[in-house]
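Here the structure is laid out as structure tokens; the discussion comes afterwards.
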Amino acid sequence: MQNQEMQRVSGQKRKRADARDHGIPLPAEESKIIFILERASLEVGKYVKTDQLLSWELHSDLLRKTNRSPQDCRPDLLHKALLMILDSPLNQVGRVEAIFIRTQQNILIRVAANIVLPRTFVDFSHLMLKLFKNHQVRQSGQIVLEEIRNPLADHLPLDSYKIGLAEVGRSMKVVKMNEYTAAMPRNKNLVFVVDALGEGKIEADYVYTNDIISVSGCHLDAAFCLGKICTALLKMKI
């Protein structure tokens, strides 16, 4: 099924290219998907006289001295969430437009959907250190990771429909993703806002969302939620 979907998208791209070369008017393309990972834990600190990406697992002694919470220093959760999106069949068939990260320090980062992300957390940490040092990272001559200016709304399509994910509460509704995506607007790009720390918090900054939902009555980490979203969107014809 995945191979058939990839062949379908590849064939559509070839037809669009042929039509463009012959001056034939093109129909609207499929809606694109954008992911926003909020409250990401990406903080650089000095440890043994070197700059390192702070992680509770590796730097617990330093973080205890400053009374930091373990949950606030989990860049590994962001790494897992990014891998889930980038490895998904949804991204492999070209439906993911971009990924945005907003850190706890309000640093805004754009991630290209075709980035080759390191598989190990150690290499991921080195990549993030390179980003914070140079403000961008290139692969094969293309910028795949870069710091960008706030506000985030300036970087989103005007015709986008934005959905925030949160834990279950009075103002939240639990949805079945297949049914929810089937009822989504067909003429808009879709933006999903997910708490990178997996706590399902919807902060004041999330007011730019059009809807707020929960995908489960149980506590799920960001990567698992993203997996459910990507699977449902792949089945959705938009």
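Miscellaneous remarks
- For segment 144-185, a residue qualifies if it is surrounded by 11 or more Cβ atoms within 10 Å (Cβ to Cβ), of a type outside the set (A, V, I, L, M) and at pLDDT below 85, and the qualifying residues are GLU167, GLY169, LYS173, PRO185.
- For segment 115-127, the candidate set comprises residues that are of a type in the set (A, V, I, L, M, F, W, C) and either at pLDDT 95 or above or within 27 Å of SER31 (Cβ to Cβ) (or both); within that set, the residue that is surrounded by the most Cβ atoms within 10 Å (Cβ to Cβ) is PHE124.
- Some residue of segment 86-96 being at positive phi, outside any strand (DSSP E or B) and either aliphatic (A, V, I, L, M) or at pLDDT below 95 (or both): yes
- The numbered conditions (1) polar (S, T, N, Q); (2) touching a strand residue (DSSP E or B) at 6+ places or on another chain (Cβ under 7 Å); (3) closer than 21 Å to ALA81 by Cα are all true for ASN150 except (3).
- Taking each residue of segment 135-148 that is within 19 Å of THR103 (Cβ to Cβ) and aliphatic (A, V, I, L, M) and looking for partners that are surrounded by fewer than 16 Cβ atoms within 10 Å (Cβ to Cβ) and at pLDDT below 95 with beta-carbon atoms closer than 9 Å, six or more apart or interchain, yields ILE148/ASP154; ILE148/HIS155.
- As a summary of the residue check, ALA153 satisfies the conditions (1) more than 20 Å from PHE100 (Cα to Cα); (2) of a type in the set (Gly, Ala, Ser); (3) touching a residue at least 12 places away in the same chain (Cβ under 8 Å) except for the one numbered (1).
- Residues (surrounded by fewer than 20 Cβ atoms within 10 Å (Cβ to Cβ) and among the small types (Gly, Ala, Ser)) located in segment 72-106: GLY94, ALA98
- The set of residues in segment 126-148 being of a type outside the set (A, V, I, L, M, F, W, C) and assigned to a helix (DSSP H, G or I) consists of HIS126, LYS130, LYS133, ASN134.
The values are calculated or read from the model by the stated rules, or taken from the named source; none is laboratory data. Everything quoted here is computed from the prediction, not taken from an experiment. FYI the Cβ positions are ideal-geometry reconstructions off the backbone, even for glycines, and counts take in every protein chain you see.
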